[in-house]
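Worksheet for the structure shown next.
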Amino acid sequence: MRLLLAEDEKSLSRALKAILEKNHYEVDAVYNGADALDYALLGEYDGMILDWMMPQKDGLSVLKSLRKAGKTLPVLMLTAKAEIDNKVEGLDGGANDYLTKPFDSRELLARLRVMLRSGQPAADTKLRFGTVSLDSASFELEGPKGKMVLPGKEYQMLEMLMRHPGQVISADTFMDHIWGLETDTDPAVVWVNLSYLRRKLESVGADIEIKARRGMGYCLKEMT
């Protein structure tokens, strides 16, 4: 399962990310409310761990914006605010659960399990666009002329494009979401992986293509 972790205390964020990954979750970590909202709106997550007090945009504002946008992903709020009124405000704002700092990691994991059980995604694991499908369970790309398993980064890039067909996604967005905010990887890796994906789409007989928008980014479109 894939989680979004929004926590501005970087030492705590690193510790939580390590615990979650040890328990077989995939985790994207962000450190302010603006990035939390951007990631949650653009990405596809099974759940979110959201700190209340963050720079740029507080967690409650992020949560309300997500619910207003129709995002129903389960959200567990982490906060030092222990008063009942704060808990009520968080839950009324759209949180699925609420955990007060400091907390035991075992309780966090237990609450996550309960929250995610009630928010399981639909059984169909395939994204579809044009004549192509992409299976999130097997990482398999399939088209009229065959199918193949994509490497992790290529899969994640195509998944982003297929979840937002026609929407331009910048190279910076790919870098931040897939390689991480603090990566020192050469940004040219985006172009390289997209080149591989173009060839693979062609080889499976896809009627869709990855188009470049100069100075803006890339989008997925049906061929005309």
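Condition check ((1) under 10 Å from the mean Cα position of the chain (by Cα); (2) modelled with pLDDT under 90) across all residues:
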site: 3; (1), (2): yes, no
site: 8; (1), (2): no, no
site: 12; (1), (2): no, no
site: 25; (1), (2): no, yes
site: 33; (1), (2): no, no
site: 42; (1), (2): yes, yes
site: 47; (1), (2): yes, no
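Cβ-Cβ below 9 Å, separation at least six or inter-chain, first residue in segment 144-166 and closer than 19 Å to residue 183 by Cβ, second among the aromatic types (Phe, Trp, Tyr) and in a strand (DSSP E or B): which pairs?
Short answer, once both residue conditions are applied: 157/218.
Just to be sure before I move on: is residue 34 surrounded by fewer than 22 Cβ atoms within 10 Å (Cβ to Cβ), over 19 Å from residue 101 (Cα atoms) and touching a Lys or Arg at 6+ places or on another chain (Cβ under 7 Å) in the structure I sent? Give the steps one after another, and end with the answer.
On the way: surrounded by fewer than 22 Cβ atoms within 10 Å (Cβ to Cβ): yes; over 19 Å from residue 101 (Cα atoms): yes; touching a Lys or Arg at 6+ places or on another chain (Cβ under 7 Å): yes.
Yes: the conditions hold for residue 34.
Given the residues 154, 209, 222, which is the only one that is of a type in the set (Asp, Glu) and under 20 Å from the mean Cα position of the chain (by Cα)?
Residue meeting the stated conditions: 154.
The values are calculated or read from the model by the stated rules, or taken from the named source; none is laboratory data. Note that this is a predicted model, so its numbers are computed, not measured. For neighbour counting, all protein chains shown are included, and Cβ atoms are generated from backbone atoms with ideal geometry for every residue, glycine included.
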